[in-house]
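Right, one structure below, let's go through it.
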Amino acid sequence: MKAPMRSPFLTWQGVIEHYGDRLPVTEATPVVTLLEGATPLTPAASLSERLGGTRVFLKMEGMNPTCSFKDRGMSVALSKAVENGAKAVICASTGNTSASAAAYAARAGIACAVLVPQGEIAFGKAAQAVIHQAALLSIEGSFDQALELVRAVSESYPIALVNSLNPHRIEGQKTAAFEICDQLGRPPDCHALPVGNAGNIVAYWKGYREYRRDGVIDFLPKMLGFQAAKAAPIVDGAPVEKPETVASAIKIGNPASWKRAVRARDESGGLIEKVTDRQILEAYRLLAGEEGVFVEPASAISVAGVLQLGKRGFFSPDEIVVCVLTGHGLKDPERAVQESREPKVVPAKIDAVVKEIFST
Ligand SMILES: *Cc1c(COP(=O)(O)O)cnc(C)c1O
């Protein structure tokens with residue numbers, strides 16, 4: 001008999017199983033996983049052309065189990081919470097953290113409470129939190145206020161905090177840097193991503209540095225972070241009282257990992273810049289229309305930022321740029337409809353259908 005085929009798709013068991021020797025887990029850690037990670041690194045031909053040949057790859061983090069990168073960190077955070085005896089977890093969220101926490105808490109069989117800014121969470125993300133049975137509390141305040149509240153609650157009650165202030169979140173999220181190097185067979189020259197609460201830029205930088213320290217890679221990428229123009233505290237150098245942007249996942253005025261994000265930027269020789277909502281939405285439509293990739297607006301800022309830098313001649317043609325696409329487009333379907341043409345109403349007649357097809 002022939003040996004059964006061993007495919008990486010069939011054997012992948014999640015980030016803890018694959019990268020466990022680089023994570024704060026032991027044999028005794030109960031692994032809470034939905035088999036997150038191993039997301040595609042997709043070449044982006046149209047973007048490469050726009051940049052004059054620089055090779056661009058898209059790290060498709062929306063293809064994680066709850067459709068955002070938050071799952072990597074949540075697997076480690078929930079595993080450690082269960083190991084430490086937690087019966088409940090809590091987080092503040094612009095949406096994706098709550099979706100992920102709710103799913104992983106359900107998987108672990110423990111309770112989950114999420115605090116979101118009222119009226120600001122995208123439709124798909126709210127749906128995820130409630131269907132996974134989380135207690136979803138809509139706070140009359142901003143994300144930053146919600147984060148203050150969950151910090152205070154977790155300090156006074158036996159409820160584990162699973163925001164990216166929790167170091168296990170960062171540990172899990174750094175696995176995406178390992179994957180990119182493993183997929184490319186080398187590090188990228190530049191690594192572009194959105195910056196909201198700033199945990200992810202810190203996580204990637206930690207991942208790259210650990211691979212460099214252990215000789216798995218022999219140089220480090222420049223970290224290129226992007227904030228929305230009216231929610232850009234790190235670029236402006238001061239907290240933003242009332243952040244505004246269509247990119248709800250990064251609508252944050254006072255990032256928890258601010259200092260460490262600045263360190264990642266400076267140590268890597270990179271930058272953190274701002275991009276307007278108009279540019280974000282242009283990149284959002286471009287990704288969907290030219291690359292066939294549907295992301296949520298916050299994710300499109302990676303590409304908007306790279307295009308902005310490309311116009312200044314920032315990249316050379318022999319470079320590799322990775323844009324992290326942090327969350328799936330179906331998280332925020334209302335935005336997609338708003339940004340598109342309305343479907344045309346046509347009589348149920350072949351003549352009418354053909355006429356419309358050829359008139360556009
Ligand atoms: C959480 C999130 C971000 C921002 O990540 P930070 O670690 O807060 O900087 C960006 N995009 C999406 C889709 C997210 O869910």
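Of the strands (runs of 3 or more DSSP E) entirely within the range 9-125, those holding at least 2 residues that are among the charged types (D, E, K, R) occupy 55-60.
Taking the conditions (1) of a type outside the set (K, R); (2) away from the ligand (no atom under 15 Å from the Cβ); (3) within 24 Å of L330 (Cβ to Cβ); (4) crowded, with 19+ Cβ neighbours inside 10 Å in turn, V295 satisfies each one other than (2). Considering only the range 118-129, state which residues are free of Cβ contacts under 8 Å to residues at least 60 places away in the same chain, crowded, with 23+ Cβ neighbours inside 10 Å and either at positive phi or out of contact with any strand residue (DSSP E or B) (no Cβ under 6 Å at 6 or more places or on another chain) (or both). Residues satisfying the conditions do not exist here.
Of all residues in the range 193-244, those that are part of a loop (DSSP other than H, G, I, E, B) and more than 10 Å from the ligand (Cβ to nearest atom) total 19. When residues in the range 200-228 are screened for being surrounded by fewer than 24 Cβ atoms within 10 Å (Cβ to Cβ) and in contact with a Gly (Cβ under 9 Å, 6 or more places away or on another chain), 2 of them pass. Contact map, the range 323-335: residues that are of a type in the set (D, E) paired with residues that are more than 8 Å from the ligand (Cβ to nearest atom) and in a loop (DSSP other than H, G, I, E, B), Cβ distance under 6 Å, separation 6+ or inter-chain. Pairs shown: D332/A122.
Filter the range 104-123 down to the residues that are at pLDDT below 95 and not aromatic (F, W, Y), then identify the one that is nearest to E296 (Cα to Cα). Spell out the reasoning first.
Restricting attention to the range 104-123, the residues satisfying the condition of being at pLDDT below 95 are 116-123.
Checking the rest, the ones that are also not aromatic (F, W, Y) come to 116-122.
On the way: V116: 18, P117: 18, Q118: 19, G119: 17, E120: 14, I121: 12, A122: 10 Å.
Looking at the filtered set, the residue picked out is A122.
The residue that is nearest to the ligand (Cβ to nearest atom), counting only those in the range 298-323 that are surrounded by 21 or more Cβ atoms within 10 Å (Cβ to Cβ) and part of a strand (DSSP E or B), is C323. Exactly one residue among S164, S154, S138 is of a type outside the set (D, E) and in a loop (DSSP other than H, G, I, E, B), and that residue is S164. Restricting attention to the range 246-273, and to residues there that are within 11 Å of the ligand (Cβ to nearest atom) and of a type in the set (S, T, N, Q), which single residue is nearest to S98 (Cα to Cα)? Going through the qualifying residues, I end up with S248.
Filtered by the rule that a residue be among the small types (G, A, S) and farther than 30 Å from E273 by Cβ, the range 314-353 gives A348, A352. Within the range 310-359, being within 22 Å of K125 (Cβ to Cβ) and among the acidic types (D, E) holds for D332, E334, E339.
The values are calculated or read from the model by the stated rules, or taken from the named source; none is laboratory data. Nothing here was measured: the structure is a model prediction, and the numbers come from that model. Neighbour counts run over all protein chains shown; Cβ positions are idealised from the backbone, glycine included.
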